[in-house]
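As structure tokens, the structure follows; a few thoughts come after it.
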Amino acid sequence: MSRLTEFAPTDHAVDPGPFTCPVCLRVSFNPDAAIHGWCDHCKAATGVPYDGPGRKVLVLGDTHGMSQWFKWMVVPYAKAMGCTTIMQCGDFGFVWDNDIGKVNQVLDWVDGVLRNAGLTLVFLPGNHENHPMLARLAEAADRNEDGHYILRPTILYTGRVAAWTWSGLRLAAVGGAASIDSDLRVAGESWWPEEVLQPHEVERAAALGPVDILFSHDAPVGVPVRLVPDVTSMAHR
């Protein structure tokens, strides 16, 4: 469930929480230092550049619009690990409102956080998303060389089904899932029926052919994860 009530377009965190330095392993309570790449205990440069092949990507699960957690925990961790890209696998939650003005305000804020840290975020749609708003934003956006929709210079949306190449690897994103709590939500406000892939989108996904890495929100059948048994969910998986 989206929690945009936590969104606060400010440079000051209400409760920054701890940050563990990967160098000295001590807990830092100065996220401003951590986000810029310095541990306030050992003074080590925690934002160590990645010098391996290709790019180093942080794969991130549901963010649900939790702005303070994203700013003060996720972003410093990505920077500390030497990542340049965050791959967010659905239930992004920062595109939740039905008011385009408010959505743009939130995206501007997220873009500012990512710019400050030198990071780029790519996300695919989950189930708890405002899918009509995502479609509206995608329709108005340009695409980059990977085919991703440029919502902001640092925020890229894959679309519901997509494939691209990074560092010689063929990657794919297949979004959507069936909400097992849809009966507790309000259609058009906290739940949207577009959350599940349509038959033509399933055909598009199948037509992508073999890929090296699949990013998805739903868990494909056969993946050993503990999920609540649900007929609609299983059909989508």
Check: For the residue pair ASP51 and LEU169, what label-to-label distance in nm results when each label sits 7 Å from Cα along the Cα-to-beta-carbon direction?
Finding: 2.2 nm
Note to self: If I ignore ligands, DNA and RNA and count only protein heavy atoms, how much of MET73 is accessible to a 1.4 Å probe, in Å² to the nearest 10?
What the structure shows: 60 Å²
Check: How much FRET efficiency would the formula 1/(1 + (r/R0)^6) give for VAL211 and GLU145, where r is the Cβ-Cβ distance and R0 is 22 Å, rounded to 0.05?
Finding: 0.80
Item checked: Residue order for VAL231, VAL196, VAL223 - accessible surface, 1.4 angstrom probe, largest first -> VAL231, VAL223, VAL196
Check: Rounded, prolate or oblate: which fits the stretch 98-173 when a ≥ b ≥ c are the square roots of the eigenvalues of the alpha-carbon gyration tensor, with rounded for a/c under 1.5 and prolate only if a/b beats b/c?
Finding: oblate
Item checked: the stretch 134-169 and the stretch 91-129: distance between their alpha carbon centers, rounded to Å -> 13 Å
Item checked: Long-range HN-HN contacts of TRP166 with modeled amide H, under 5 Å -> LEU171
Check: Just in the stretch 89-197: which GluC sites (Glu not before Pro) are loop by DSSP and have at most 15 other Cβ atoms within 10 Å?
Finding: GLU145, GLU189
Next item on the list: Could you tell me whether the stretch 44-171 comes out rounded, prolate or oblate from its Cα gyration tensor? Rule is a ≥ b ≥ c as square roots of the eigenvalues, rounded for a/c under 1.5, then prolate if a/b exceeds b/c, otherwise oblate.
Entry: oblate
Margin query: Treating only the Cα positions of the stretch 136-237 as identical point scatterers, give the base-10 log of I(q)/I(0) from the Debye formula at each q in 0.14, 0.17, 0.19, 0.20 Å⁻¹.
Written below: -0.66, -0.94, -1.11, -1.18
Note to self: Tell me the carbon and sulfur percent of the accessible area for the stretch 162-208, rounded to whole percent, probe radius 1.4 Å.
What the structure shows: 58 percent
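The values are calculated or read from the model by the stated rules, or taken from the named source; none is laboratory data. Only a predicted model underlies this, so the values are computations on that prediction, with no experimental measurement involved. We place every Cβ from the backbone using ideal geometry, glycine too, and count neighbours over all the protein chains shown. Calculation scope for accessible area: heavy atoms of the full protein, side chains included, ligands and nucleic acids excluded. Shrake-Rupley method; radii C 1.70, N 1.55, O 1.52, S 1.80 Å.
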